[in-house]
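What follows is a set of notes on a single structure, which appears directly below.
The values are calculated or read from the model by the stated rules, or taken from the named source; none is laboratory data. Model, not experiment: these values are computed from the prediction. Cβ: placed from backbone, ideal geometry, glycine included. Neighbour counts: every protein chain shown. All accessible areas refer to the heavy atoms of the entire protein, side chains included, with ligands and DNA or RNA removed. Shrake-Rupley method; radii C 1.70, N 1.55, O 1.52, S 1.80 Å.
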Amino acid sequence: MFHLISDCLRPLHGRPLPDGLNTIRQFLLAAPLALASVLSSLFIPAAQAQNCETLRSAHGEDVISVHCGGAPSASFDHKNHLWVAFVSNKHVYVSRSEDKGTTFSTPVQVNAVPEDAEFNGENRPKIIVADNGTVLLSWTTKTSNRFTGEIRFSRSTDGGRSFEQPRTVNDDGLAIGHRFDSLFLTKSGKLYVTWIDKRDLEASLARSENYPGAAIYYTVSDDLGASFMPNVRVSHNSCECCRIAVAPHGDDNIAILWRQIFGEQIRDHAIAVLSPEGTVSDLSRATIDNWQIDACPHHGPTMVPASSDGQYHMSWFSAGTIHSGIHYARYDLATASPADIIKIDGTPGAGHPSLATFNDTLYLVWKGFDGMSTPLQLMTSNDEGRSWSAPQTLISTDQASDHPLLITSAEGVFLSWSSEQHGYVFKELNND
Amino acid sequence: MINKSLGTIAGFTAAVLLCAAHVALADNRPADNIQGFGPQTFSELKAQFAGKPFVVSLWSVDCAPCRVELDMLGQMKKADPAFPLVVISTDPIEKREDAADILDEYQLADEVTWMFADSFVERLRFSIDPGWYGELPRSYFYDAEHNMMSHSGILTEEKFRELFPY
């Protein structure tokens, strides 16, 4: 059912960006830019309209702030406090907000020794706070200009006041590509890290054998990151440069969605279920877009659970001959097929969708570009993705911006987004 | 194919050393031939090539397949120094030292090339092609009347010649 093969491509650009995530405490990614025809200023209160330029004018070029940080991502703890991780000057920082993003605590440095932590749309630090208060972080550190990197992990067991020395999660000890990490904590306390790994590629090359793309690997910790089990391969021949979407599957398992190489050069998506015991099941093709490209889209998918067990809402980008643009579908693992496939936005500048669910409503946010500015668009569905509201522009910018991310808590669904013009914006979407 | 370059550590090291020789210590910046690419640059380049065919190649330092294409372009340029080639890196120009190293490795360091010099990259991409999704490598083939054809992904020389028979 699953035919792998071919070679993956490459990224768009190396701009700042975010990652996606959702529900319980999951994580993923996303990213880019914007401009200002504020069609609706619904979501940008004046109090939040402080950007990095303003802060640097007031506090100097070296100011450390969520508004200046590269590729922030966010998560709520069980007290509904907001935690944001970002990169600044080769350090990962964490800042906390007890008022849903209006004000933030002084950022705390995670890695004491500088490292080249990646921060762009598809690669950003991820943060999750366990119910016992342990703060968990993963990120990718670039180790050369030859597409090499390591998957890094750190945690705080004192409420975010200090962080353990970062550790490398990939266990092959090779100076090769390990990048595009995602972090997810199940309700039952299983901590998953997934990433794109080139160890099989390198081994094939050593045998003078062709190996399209890279591979997907993961590991699990059942002690909140004190230790991790040996790395497990999920799939050969993944695309090399797109974020991996993660969603819960039952109490202990997760489902992941990633860009996979099918046939010679088709870069569509695959889905699989991973267990804490290291077993991979339900591996199947999730999208049939027929995007033949020997290049890198740098454009990963987003996924959240649907109301029925084993079904997932997913949104992705493709420029294939079957589907082109941002699409939505609801995938059923039992039938290994997508339903209600719809085109969300087929305009050339549209991309980087992020999904979330709250109170039976499905939210989908993505970035566009109209030639002058970047609007963030929102659509909602109240019937599990069968029908959708008209698109609504949340905010726009005519300066650089990250991918938009949706974050959920027990209280609502929120937009997490960074731009030069607006700084870091965190705004509830379900109360307007 | 992506990894042709991965096997050339020695070559890369040599390239770095060569590049070091290019460093202008006076201002501590590489004496490269990279220019900033702004919102108006592409229209200016098209004007420079008025009535003439030319090729545009977009790449980034983080793009493995792009190295394959740069290798081909470097060899083509070496064989025909007058070849009308515009090479644009979509990385921020702050990464110019990384780009210069790579261009040097592929014998393109002596050519004038461009790097994105505006953080609002969507606008820069739009100025090149409103229909480009940002995937790399990406190439454009303009004839003398500036009718354009585009291609995403690694180009073979055969395909290149087919798209640009000049």
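Which value, in square angstrom to the nearest 100, describes the accessible area buried between chains A and B on both sides, using a 1.4 angstrom probe?
Summed over both sides, the interface buries about 3200 Å².
By accessible area of protein heavy atoms, probe 1.4 Å, what ranking do A:His59, A:His78 get, highest first?
So, going from the largest accessible area down, we get A:His59, A:His78.
Relative contact order of segment A:43-193, please, whole-number percent, based on alpha carbon pairs below 8 angstrom and at least 6 residues apart.
Averaging sequence separation for qualifying contacts and normalising by length gives 16 percent for segment A:43-193.
Gap in Å between the Cα centre of segment A:182-205 and the Cα centre of segment A:147-164?
16
Nearest 5 is fine: what % of DSSP beta bridges in the protein assembly as shown come out antiparallel, could you say?
Counting only bridges with both partners in the protein assembly as shown, antiparallel ones make up about 90 percent.
Would you tell me the mean number of C-beta atoms belonging to other protein chains that fall within 10 Å of each C-beta in A:365-373, as a whole number?
If you average over the peptide's residues, the count of other-chain Cβ atoms is 3.
Once you average over the residues of B:132-144, how many Cβ atoms of partner chains fall within 10 Å of each Cβ?
5
Round to the nearest 10 and report in Å² the accessible area of A:His81, as given by a 1.4 Å probe over the protein chains' heavy atoms.
Accessible area of A:His81: about 40 Å².
Tell me, how many Å apart are the Cα centres for segment A:46-87 and for segment A:265-309?
32
Post the alpha-carbon centroid distance, segment B:140-157 to segment B:33-83, in whole angstrom.
Answer, in whole Å: 11.
Run through all the Cα pairs of the protein assembly as shown and give the fraction in each 10 Å bin from 0, expressed as whole percent.
3, 18, 30, 28, 15, 5, 0
Say the cut-off is 21 Å between C-alpha atoms; which of A:Lys90/A:Lys126; A:Lys142/B:Lys78; A:Lys142/A:Lys427 go over it?
Distance filter (> 21 Å) returns A:Lys142/B:Lys78; A:Lys142/A:Lys427.
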